[in-house]
């Protein structure tokens, strides 16, 4: 089928902020690249995202049987005010009866609404991250449950009635957890047999995704990169008051000539100090997002962990440990 792919994971993208190539250049990684490479494409045209979205864009023109999709974004490309009761999350789900794609990302208003020109101009300014993985059809029941915990805001979908009810439910914005536990962890196995760990927290979880859920589970210190320009919303500081510390990453160094601070980086990712676990996530480390749903997709693939760990230039010291500047 046209959604099939045999990579361990399809890819991870790290789109650069506007001061580099106008905000359309991106770093690319899959299991064949052995780390980051600078793509020769631009993100708004031919390239990884365009190739991934092709089944959806073709479906807009000519509907085909046995194909379905679900688009969610808490800042959607339609003129609607989204309640903060919905999760701070963004993604694309596409599937047929054999396989499917889960694309988790950080870009507001992406993809544009029912338009072959899928890239929104607002996406140029800040850096963004994307993780795309191909899973067997049966896995999308579990993915649907994860999206239920996150309480995604679905803004567009077309799903055959025979497709998993777990997806139908979140597509219609009609289901969310009613009882404890308020978080869920599940292992998802990709088409090629690699395991990914999905963490999801509902609004009633009441804690930071990184310090309250991920670091506790992986039992390692975390280095977290999220948006550092939240306006009036207060950022959570690095946290050394817990058994496994969480450090904000203030500066990243992508190459000798490419580095930038978190105020122009809307990406959300974290990595353990040894690179043994890395995650692409939905949430920022903001006080306001303690009370919102969100999640992360994590991998223990060493190449990915090393690629993210080597980006770290300046971690933020904990308030009580101003001397902590060394990795």
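The values are calculated or read from the model by the stated rules, or taken from the named source; none is laboratory data. Just so it is clear, the structure is predicted and the values come from calculations on it, not from any experiment. Note that we place each Cβ from the backbone using ideal geometry, even for glycine, and neighbour counts take in every protein chain shown.
Only residues in the range 61-72 that are over 22 Å from residue 143 (Cα atoms) count as the first member; pair them with residues that are assigned to a strand (DSSP E or B), Cβ under 9 angstrom, at least 6 apart or cross-chain, and list the lot.
63/158; 64/96
Hey, which of the strands (runs of 3 or more DSSP E) in the range 45-130, taking only ones fully inside, have at least 3 residues that are at pLDDT 95 or above and under 22 Å from residue 26 (Cα atoms)? Before you say what the answer is, go through the steps one by one.
Details: elements: 67-73, 90-96, 99-105.
Strands (runs of 3 or more DSSP E) meeting the threshold: 90-96, 99-105.
Name the residue, out of 71, 62, that is under 17 Å from the mean Cα position of the chain (by Cα) and over 20 Å from residue 125 (Cβ atoms). Walk me through how you get there before you give the answer.
On the way: 62 fails: under 17 Å from the mean Cα position of the chain (by Cα).
Within the list 71, 62, the selection yields 71.
Only one residue in 145, 101, 80 is within 24 Å of residue 267 (Cβ to Cβ) and touching a residue at least 40 places away in the same chain (Cβ under 8 Å). Which one? Show your work before the answer.
On the way: 145 fails: within 24 Å of residue 267 (Cβ to Cβ); 80 fails: within 24 Å of residue 267 (Cβ to Cβ).
Checking each option against the conditions leaves just 101.
Suppose the filter is crowded, with 19+ Cβ neighbours inside 10 Å and in contact with a strand residue (DSSP E or B) (Cβ under 7 Å, 6 or more places away or on another chain); does residue 292 pass it?
Working: crowded, with 19+ Cβ neighbours inside 10 Å: yes; in contact with a strand residue (DSSP E or B) (Cβ under 7 Å, 6 or more places away or on another chain): no.
When the stated conditions are applied, residue 292 does not pass them.
Working only within the range 17-37, note down all residues that are in contact (Cβ under 8 Å) with a residue 40 or more places away in the chain and either part of a loop (DSSP other than H, G, I, E, B) or surrounded by fewer than 19 Cβ atoms within 10 Å (Cβ to Cβ) (or both). Working first, answer last.
First pass over the range 17-37, keeping only residues in contact (Cβ under 8 Å) with a residue 40 or more places away in the chain: 17-20, 22-24, 27, 29, 31, 34-36.
Selection gives 17, 18, 19, 20, 22, 24, 31, 34, 35, 36.
With (1) over 24 Å from residue 205 (Cβ atoms); (2) in contact with a strand residue (DSSP E or B) (Cβ under 8 Å, 6 or more places away or on another chain); (3) surrounded by fewer than 22 Cβ atoms within 10 Å (Cβ to Cβ) as the list, and residue 300 as the residue in question, which single condition is left unmet?
With respect to (1) over 24 Å from residue 205 (Cβ atoms); (2) in contact with a strand residue (DSSP E or B) (Cβ under 8 Å, 6 or more places away or on another chain); (3) surrounded by fewer than 22 Cβ atoms within 10 Å (Cβ to Cβ), residue 300 is out only on (1).
Scanning the range 178-197 for residues that are in a loop (DSSP other than H, G, I, E, B) and under 21 Å from the mean Cα position of the chain (by Cα), which turns out nearest to residue 65 (Cα to Cα)?
Start the filter on the range 178-197 by keeping residues that are in a loop (DSSP other than H, G, I, E, B), which leaves 178-182, 190-194.
From the residues that got through so far, the ones that are under 21 Å from the mean Cα position of the chain (by Cα) too are 182, 190-194.
Numbers: 182: 36, 190: 24, 191: 22, 192: 25, 193: 27, 194: 29 Å.
Ranking the candidates gives 191 first.
Please give the number of the condition residue 174 fails out of (1) at pLDDT 95 or above; (2) within 18 Å of residue 83 (Cβ to Cβ).
Among (1) at pLDDT 95 or above; (2) within 18 Å of residue 83 (Cβ to Cβ), the lone unmet condition for residue 174 is (1).
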